[in-house]
Structures are given as structure tokens and as C-alpha cells.
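Working notes, structure below.
The values are calculated or read from the model by the stated rules, or taken from the named source; none is laboratory data. These numbers were taken from a predicted model, which means no experiment stands behind them. Positions of Cβ are backbone-derived with ideal geometry, glycine not excepted, and every protein chain shown enters the neighbour counts. For accessibility, only protein heavy atoms count, side chains too; no ligands or nucleic acids. Shrake-Rupley method; radii C 1.70, N 1.55, O 1.52, S 1.80 Å.
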Amino acid sequence: MVESSFSVVVPASTANLGPGFDSIGLALNLYMTVDVSPSEDWEVTYKDDGFEDLPTGEDNLIVKTVTDIADRKGLVVPVSRLIIQSDIPLGKGLGSSATAIAAGIEIANQLLVLNLSEKEKVLLGSGYEGHADNISAALLGGVTISYFDGVAMDIVHIPEPKMGAVILVPPEALLTEASRGLLPGELSHAEATRSSAAANVLSAAIARDDWETAGRMMEKDTFHEPYRKKLFPEFDRIRKVCQERGAYGVTISGAGPSLFVAVKQGVESELAMRLAAEFPYYDCIAVKPSIEGAMIELRKEQAPR
Ligand code: HSE
């Protein structure tokens, strides 16, 4: 018997890039691949270490996304087996939950033949996430600059940013809710105006591939960095060392705990090696932007006899 199955490939992402809080996302070339095939029950298998604590049935985030979309559309989704391989560290500020939600949206779109537009997918995903930064980058790739107020959405997509990056990943995970819990309920008008100006210049600089300016603006955030950075060992010294080595800028990756260093295209591996020697607490990973967002790969498989 020949059964048609498919895979979904979704990139990691870093969010905020400093003052682009809850708005700017950048897809990175670390990927999660989900192989989808028909099954009797929802069964999720993670092939890599580090995912042991995740649910493997109907309460898995990917499965919950698929079944919720089916419910909203009033459709019955074919029950499937999901086999997952992932390079994306879990709970480390690299958009792992957005990656899972993006995978769920693509699987629902495929299994239910929904023909969702890119904007419909991002709107759905932003509703689940509560903000658009990681999910839009995971779905579209490149850099995304989004406005989302819970209902209305606008996105500017910059598909091929010309830069490289190093991610410093500490050993322990941090829940986004815990990191968001550190933020103040209110900001002064003057502070909000200053960070908003930094975000404006950051966005315009990214759109022009002026990463020198973008990197300076990344370091001018007052929306979240001042409240979160104390959690990350040696944050200020890492920034200083990266500045001395010619990096464009250093900021928190999403809600943390990883740190994001924007660098000139091509120098990321050398800087990652130097930072690994200087800051052994962190796993230093050289990355590039992922030009591709979430992708479906169709495959035909011979089922076992
Ligand atoms: N913009 C989000 C935050 C990203 O910084 O809390 C993590 O979901």
C-alpha cells in the first residue's frame, strides 16, 4: 500500500532585537523537522535528547494547535503520528514554542486542505502566542516587523537580511512567563518615547541592511533589557567584549536566557569560537538568518507490509 505523508520544516527565531519588543523577529538556520504520517492515535516521538519532558499525545503543543484549528473550522482532522528531529534548544529564547505552533498551523493547513494565506497563518499563530515576533519569523523566514493588537495585524517582511549572528545559550531554560513577569506594569512617557525612537531607527536600518546602525539601536532598549539582563551572567562584559571584537550589537534573544550577537556576514564562526573560549558557561553557536520560513516537503512512502 502506498500512503502519502509529508514533513514540515520550521526555523528557530530570535525576537525583539532589543527595542523591537514583541514586534521584530529574525528566523535562524536551526530547524525542527516534523514527519507526519497517518496513525490510530496522536503519537509524538522526539528523536533528540532534551525533549523528554514534553507531552507525547493530544496535549502536545503541535497536536493542540492542529486540533484547535480543526475545531475552529468545524472539521475533523486525520489522526497522525509525528516524528520530530530538532536542532532548536528548548526554552532558551530561540522561539521553540512558536516553532511548534507554526508546525501545527502548517500541519492543519495541509491535512485539512485549508489553503490559508501567509497572513492568515501569522494571525492565527499570533493569537496563540499573544505576540507576533517569533511566530511571523518562523512562518515567513528572514526578518519580520509586525504590528499586532490582538485583532489587527500588519507585517513588513525583509526576506534576506545580510548579516550573521552568534547565539550564547546557557545551560538552564527560562520560561517566557517568568521573564515577562520581571517587566514593569508601566513605563514613563519619556522612556517609552526613547525606546520607540530606537525601534524606529532599528527597523529602518534593518530594511536598508545597515547593520552598524541596527546593532547600535539593538543596545538602546528600555522596554525590557534593564529588567531582564540581571538574570544573564556576565551580560555587560559579553557586550563589551563583542563590541571590542567588532560585533554590530548584543541583546537578549527573545525573553532570554540566550543572548544574541549580530555580526558581519561570514565572521560568525570565528567569533563563536572566541566567545566559547572566553565565556565557557555559554554554548556559543554560529548561525545565519534562515531565508526560508516554515516549509512542507511532500513524500511518498512504502508502508510496511
Ligand atoms: N517578545 C517576547 C518577549 C518573546 O520578549 O517576552 C518571547 O516570547
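Listing for the model above:
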read-out: Which listed residue is of a type in the set (Val, Ile, Thr) and not assigned by TED's automatic domain parsing to the domain that holds Thr33, from Val201, Val122; value: Val201
read-out: Residue ID - surrounded by the fewest Cβ atoms within 10 Å (Cβ to Cβ), chosen from residues in region 195-216 that are free of Cβ contacts under 8 Å to residues at least 40 places away in the same chain and assigned to a helix (DSSP H, G or I); value: Glu212
read-out: Residue in region 95-118 that is at positive phi, within 15 Å of the ligand (Cβ to nearest atom) and modelled with pLDDT of 95 or more present; value: yes
read-out: Residue in region 1-45 that is modelled with the lowest pLDDT, counting only those that are outside any loop (DSSP other than H, G, I, E, B) and open to solvent by 50 Å² or more (accessible area, probe 1.4 Å); value: Val2
read-out: Strands (runs of 3 or more DSSP E) enclosed by region 217-305 - at least 2 residues per element that are open to solvent by 60 Å² or more (accessible area, probe 1.4 Å) and more than 22 Å from Gly18 (Cα to Cα); value: 295-302
read-out: Cβ-Cβ under 7 Å pairs, at least 6 apart or on other chains, region 10-28 side more than 9 Å from the ligand (Cβ to nearest atom), far side among the basic types (Lys, Arg); value: Gly18/Lys220; Pro19/Lys220
read-out: Selected residue [farther than 23 Å from Tyr147 by Cβ, within 14 Å of the ligand (Cβ to nearest atom) and among the charged types (D, E, K, R)] from Lys92, Lys64; value: Lys92
read-out: Unmet criterion (only one of (1) within 14 Å of the ligand (Cβ to nearest atom); (2) out of contact with any strand residue (DSSP E or B) (no Cβ under 6 Å at 6 or more places or on another chain)) for Thr144; value: (2)
read-out: Qualifying residues in region 238-259 (those that are touching a helix residue (DSSP H, G or I) at 6+ places or on another chain (Cβ under 7 Å) and over 19 Å from Thr14 (Cβ atoms)) - the one farthest from the ligand (Cβ to nearest atom); value: Arg245
read-out: Scan of region 117-141 for residues that are among the acidic types (Asp, Glu) and closer than 16 Å to Ile296 by Cα, ordered by number; value: Glu118
